[in-house]
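Peer 1: Okay, here's the structure, questions in a sec.
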Amino acid sequence: MGIDLSNFAESIGGVDHGPLWIAGQQTRTPAPSQLRLVAAPAGIVDLQPDEMTVVCGAGTPIIELRTELAKVGQYVNLPDGLTGPGTVGGALAEGRSDIYRLGRGPVRDTLLQVRYVNHDGQVVTAGGPTVKNVSGFDLSRLLIGSRGQLGYFGETILRTRPLPQSSRWFVMSEASQTVVEKILRVIYRPASVLWDGHKVWFCIEGNPKDCAAMIQRISVELPVITEISGPPDLSLYLHRQSVPPRLLGDVVQENARSDSHKIIVEAGVGIVHHQVPPESTPIEKGVTILHRRILEQFNPTGRLNPGIEILASAPSL
Amino acid sequence: MRDKPQVQSLNTQLISRLRAALDVHRVHTASADIDLYKRDASNIEGRAGVVCFPLTTAEVQSVVSICAEFQQPFVARGSGTGLSGGATPLDGAVVISTAKMNRLISVDPVHRLAWIEPGMLNLDLTREVTHLGLHFAPDPSSQQSCTIGGNVANNSGGPHCLADGVTSSHILACEVVLSDGSVVMLGGEDPEPDGLDLRGAFIGSEGMFGITTKICVRLMQNYQAVSTILMDFTSVQAGAETVSSIIAWGMVPAALEMMDQLCLEAVEAYIQAGLPTDAAAALLVEVSGLPHAVTDDTERISEIGRAYGARTIRIAQDEAERALLWKGRKTAFGAIARIKPNYYLHDTVVPRRKLNEVLQEVYRIAQRHDLLVLNVFHAGDGNLHPLLIFDKRDPGIMERVHAAGEEIVRVSVEAGGVLSGEHGIGLEKRDFMPLMFGPHDLHAQASMRVAFDPLGIANPFKVLPSPSQCGDAHDMGEDMWV
């Protein structure tokens, strides 16, 4: 059972059909007004709880997917956009994980198979439909985070997970680096640990009795812990930076010294959420060369989502 | 003492350059030495022209640069435990063994990552970090002897990858020597390096995108509780339905393995673990994590098993009993030697709900070709491992084995499955790729290869069937068979 992608492919057309842009709900990246827009098919076509997979159009709203999966006690690891949940295709094209990455893993592990339309209007299959697959090169991994530059997602097969039986957030007002590292060491596979230098928030998920026992145990070792209804509000932290997690202590301390703007970091992961755009990280020359070669192969005329810079700070070659 | 006969096919100038780049003792050309490298653990033989043993990234870079200069194909090799011919050298290729690059470079126990060299053995890494309460999750059955560089090349799995994912989910970065001799870091300790996921694209590329020389692995916290359950059934169908029901209930066990009757008989004769040899199938289920979840899941899994007619439900009472049950699973391939001297192990994946249907077809295929088949596999993720056992001295047997194997692959793909779950494509399944992928799909994969290896000298002629391999440089040798 699959989605007929012929109309979608026809709307994209061959290389002589000019530049264009794929648009979902535009919760992550606004579409430029001067380009022809195309939209991916939407809708869930097959949900198999005992396979832990779901087949859906890339244009499917994430909220719809969450609602349907919740009915069978499952979820899919796709984050919201900046102004709303957005679509499946948008979340995959952006490839950014949410604050639960520490426990739930990265977005890139969610996609099993994608049928996409390439720069020349042809439908291409990448990956495979089963939860385990090493048949050929892992093209689907390359497509995640490619921001529409390597092809436009049409139909996706996603891996689902059981909803956690219990998900509880806590906050601590004492937040030294030592405390953060202790949380990472003593809590069994925390779902999220956030830190701003003044407070630390953490989330534990799983069996309710285990969560209660874990909190009881760590309360003895750690400063006062208060349960809260959910994570801190990150709506003002619109910019992100990726750093090795071992450097987060330095990042937080440096930020406190400069007092320039607020940040919240994902401890154990390495994402820094900023209120203003951070400085970009230099890109290795070899990485830039590989990107250029891949784009030459997959988007030789540059017609797919022109203007997107996959490597924001690449050196000139 | 007379010199050993030398292989003449490789340019003597190339060999002298390699000797100058490493040293004479780490560049092997004598037939008796390089003959050991003519194949991996598959039955597919090729021919190595020379075997090099670099110790550092710079040495790998030198060897690869020389190969590029001479347009000479090279093949990276770890322990040679692969089962698809991925490390089989063709046409006298240069074999670059990473076996001597086996150091643990550093460990960060707080952020649970380690830097290692590619020749480190899978199980050695876990042994090195056990005292920190950590482990490396991918655990192929060959984990005592396979290298992590090989795991990266094949995106390897293992029984305990059901809950935590296969190798790609546990690799943060790879330092790679590309075919032109340049060195590049793919991925990083940071979670979202700018740009495309080149790390993810490289993992599972079977040595055709370059050679990894340093790897940053993600380590997992050890579980605090574990429960190992053995359930047996009077039909394969009941066992398969139990598997689907466990997953549909919302549980993802750490491992969910199935053995059929012939396998149970062979293993029991081998290790005397008290396995139910009169059962049609047995499930070995392991749940791990925190104590309450483990207790609750054990009870629920037992209930599901009973609902599907499990005759006995045996829960390991201590670590010794758990180890014995796992020994039964992991020594299955040794046990079959008591039945027949040779085996051909297949590796396909089917949707879980098709397990019984495909297994019944596998039995029919074996019967048609007058072969014995036993099944021991990762049922939780639908990863079948039909094991055809035979005596290769029997006339015409290999033709029947290959014919049956091809039918098993076709049946799996027709059931909505895939060609390989963990062994990779290599040479073994290269020509089956069109069963799963169309011309545009294969062209896209070939485009990836061209981007990473425009020279076409990194392990050419594997994975992609010939029309897709516009970048590959040489014809296949006459002395190999597929």
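The values are calculated or read from the model by the stated rules, or taken from the named source; none is laboratory data. Note that the coordinates shown come from a computational prediction; the quantities given were computed from them, not determined experimentally. Methodologically, a virtual Cβ is constructed for each residue, glycine included, from the backbone with ideal geometry; neighbour enumeration extends over all protein chains shown. Accessible surface areas use protein heavy atoms only, side chains included; no ligands, DNA or RNA. Shrake-Rupley method; radii C 1.70, N 1.55, O 1.52, S 1.80 Å.
Peer 1: Tally time: how many residues in the range A:282-304 are of a type outside the set (S, T, N, Q), at pLDDT 95 or above and in a loop (DSSP other than H, G, I, E, B)?
Peer 2: 3
Peer 1: Confirm whether residue A:185 is within 14 Å of chain B (Cβ to nearest Cβ), outside any helix (DSSP H, G or I) and surrounded by fewer than 20 Cβ atoms within 10 Å (Cβ to Cβ).
Peer 2: no
Peer 1: Quick check on the range A:263-281. Is at least one of its residues surrounded by 13 or more Cβ atoms within 10 Å (Cβ to Cβ), assigned to a helix (DSSP H, G or I) and modelled with pLDDT of 90 or more?
Peer 2: no
Peer 1: Let me ask another. Please indicate, with yes or no, whether at least one residue in the range B:308-327 is at pLDDT below 95 and aromatic (Phe, Trp, Tyr).
Peer 2: The answer is yes, given that some residue of the range B:308-327 is at pLDDT below 95 and aromatic (Phe, Trp, Tyr).
Peer 1: Could you list all residues from the range A:212-228 that are within 12 Å of another protein chain (Cβ to nearest Cβ) and small (Gly, Ala, Ser)?
Peer 2: If the condition is that a residue be within 12 Å of another protein chain (Cβ to nearest Cβ) and small (Gly, Ala, Ser), then A:212, A:213 are the ones that fit.
Peer 1: Please determine, by comparing only the residues of the range B:409-429 that are among the charged types (D, E, K, R) and open to solvent by 10 Å² or more (accessible area, probe 1.4 Å), which one is nearest to the other protein chains (Cβ to nearest Cβ).
Peer 2: B:422
Peer 1: What are the residue pairs meeting all of these: first residue in the range B:33-44, first residue in a loop (DSSP other than H, G, I, E, B), second residue of a type outside the set (A, V, I, L, M) and open to solvent by 50 Å² or more (accessible area, probe 1.4 Å), Cβ atoms under 6 Å, and 6 or more apart or on different chains?
Peer 2: If the second residue must be of a type outside the set (A, V, I, L, M) and open to solvent by 50 Å² or more (accessible area, probe 1.4 Å), the pairs left are B:38/B:45; B:38/B:47; B:39/B:45.
Peer 1: Consider only pairs whose beta carbons are under 9 Å apart and that are at least six residues apart or on different chains; among these, list those whose first residue lies in the range A:136-160 and is assigned by TED's automatic domain parsing to the domain that holds residue A:68 and modelled with pLDDT of 95 or more and whose second residue is in a strand (DSSP E or B) and among the acidic types (Asp, Glu).
Peer 2: Between residues of the range A:136-160 that are assigned by TED's automatic domain parsing to the domain that holds residue A:68 and modelled with pLDDT of 95 or more and residues that are in a strand (DSSP E or B) and among the acidic types (Asp, Glu), the close pairs are A:157/A:46.
Peer 1: Just one of B:71, B:61 is away from chain A (no Cβ under 14 Å), open to solvent by 10 Å² or more (accessible area, probe 1.4 Å) and in contact (Cβ under 8 Å) with a residue 24 or more places away in the chain; which is it?
Peer 2: Step by step, each of B:71, B:61 is checked, and only B:71 is away from chain A (no Cβ under 14 Å), open to solvent by 10 Å² or more (accessible area, probe 1.4 Å) and in contact (Cβ under 8 Å) with a residue 24 or more places away in the chain.
Peer 1: Now for a different question. Could you count how many residues in the range B:37-56 are at pLDDT 95 or above and among the aliphatic types (A, V, I, L, M)?
Peer 2: 4
Peer 1: While we're looking at this one, here's another question. Scan the range A:171-203 for residues that are in contact with a Ser or Thr (Cβ under 8 Å, 6 or more places away or on another chain) and closer than 23 Å to residue B:137 by Cβ and jot them down.
Peer 2: Result: A:191, A:202, A:203.
Peer 1: Among the numbered criteria (1) over 30 Å from residue A:163 (Cβ atoms); (2) crowded, with 24+ Cβ neighbours inside 10 Å; (3) within 8 Å of another protein chain (Cβ to nearest Cβ), which one does residue B:152 miss?
Peer 2: (3)
Peer 1: Right, something else. Suppose we filter the range B:127-152 for residues that are assigned to a helix (DSSP H, G or I) and either outside the structural domain of residue B:206 (by TED's automatic domain parsing) or touching a residue at least 12 places away in the same chain (Cβ under 8 Å) (or both); how many remain?
Peer 2: Final tally of qualifying residues: 9.
Peer 1: Are any residues in the range B:431-445 open to solvent by less than 10 Å² (accessible area, probe 1.4 Å) and under 18 Å from residue B:403 (Cα atoms), and if so, which ones?
Peer 2: Listed by number, the list holds a single entry, B:433.
Peer 1: Now for a different question. Filter the range B:24-41 for residues that are open to solvent by less than 10 Å² (accessible area, probe 1.4 Å) and of a type in the set (Ser, Thr, Tyr) and give the result.
Peer 2: The answer is B:29, and nothing else.
Peer 1: Within the range A:250-257, does at least one residue satisfy the condition of being surrounded by 15 or more Cβ atoms within 10 Å (Cβ to Cβ) and under 23 Å from residue A:140 (Cα atoms)?
Peer 2: No, because not a single residue in the range A:250-257 is surrounded by 15 or more Cβ atoms within 10 Å (Cβ to Cβ) and under 23 Å from residue A:140 (Cα atoms).
Peer 1: For the range A:47-66, check the following and say yes or no: at least one residue is more than 18 Å from residue A:110 (Cβ to Cβ) and in the same structural domain as residue A:107 (by TED's automatic domain parsing).
Peer 2: Checked the range A:47-66: at least one residue is more than 18 Å from residue A:110 (Cβ to Cβ) and in the same structural domain as residue A:107 (by TED's automatic domain parsing).
Peer 1: Filter the range B:443-467 down to residues that are farther than 23 Å from residue B:183 by Cβ and more than 12 Å from chain A (Cβ to nearest Cβ) and give me whichever is farthest from the chain's Cα centre (by Cα).
Peer 2: B:467
Peer 1: While we're looking at this one, here's another question. Scan the strands (runs of 3 or more DSSP E) fully inside the range B:73-119 and keep the ones with 2 or more residues being touching a Pro at 6+ places or on another chain (Cβ under 9 Å) and under 28 Å from residue B:219 (Cα atoms).
Peer 2: Answer list for the range B:73-119: B:74-77, B:93-97.
Peer 1: Does residue B:389 count as touching a residue at least 24 places away in the same chain (Cβ under 8 Å), under 28 Å from residue B:161 (Cα atoms), β-branched (Val, Ile, Thr) and more than 7 Å from chain A (Cβ to nearest Cβ)?
Peer 2: Yes.
Peer 1: Any residue at all in the range A:113-135 that's open to solvent by 20 Å² or more (accessible area, probe 1.4 Å), basic (Lys, Arg) and within 8 Å of chain B (Cβ to nearest Cβ)?
Peer 2: no
Peer 1: Going by what's in this entry, would residue A:310 be described as open to solvent by less than 20 Å² (accessible area, probe 1.4 Å), assigned by TED's automatic domain parsing to the domain that holds residue A:29 and under 20 Å from residue A:93 (Cβ atoms)?
Peer 2: For residue A:310, the condition - open to solvent by less than 20 Å² (accessible area, probe 1.4 Å), assigned by TED's automatic domain parsing to the domain that holds residue A:29 and under 20 Å from residue A:93 (Cβ atoms) - is not met.
Peer 1: From the list A:82, A:150, which residue is part of a loop (DSSP other than H, G, I, E, B), in contact with a Leu (Cβ under 8 Å, 6 or more places away or on another chain) and open to solvent by less than 20 Å² (accessible area, probe 1.4 Å)?
Peer 2: Just one listed residue meets the conditions, A:150.
Peer 1: Go through the range B:158-230 and tell me which strands (runs of 3 or more DSSP E), entirely inside it, have 1 or more residues that are facing chain A (nearest Cβ under 9 Å).
Peer 2: In the range B:158-230, the matching strands (runs of 3 or more DSSP E) lie at B:171-177, B:183-187.
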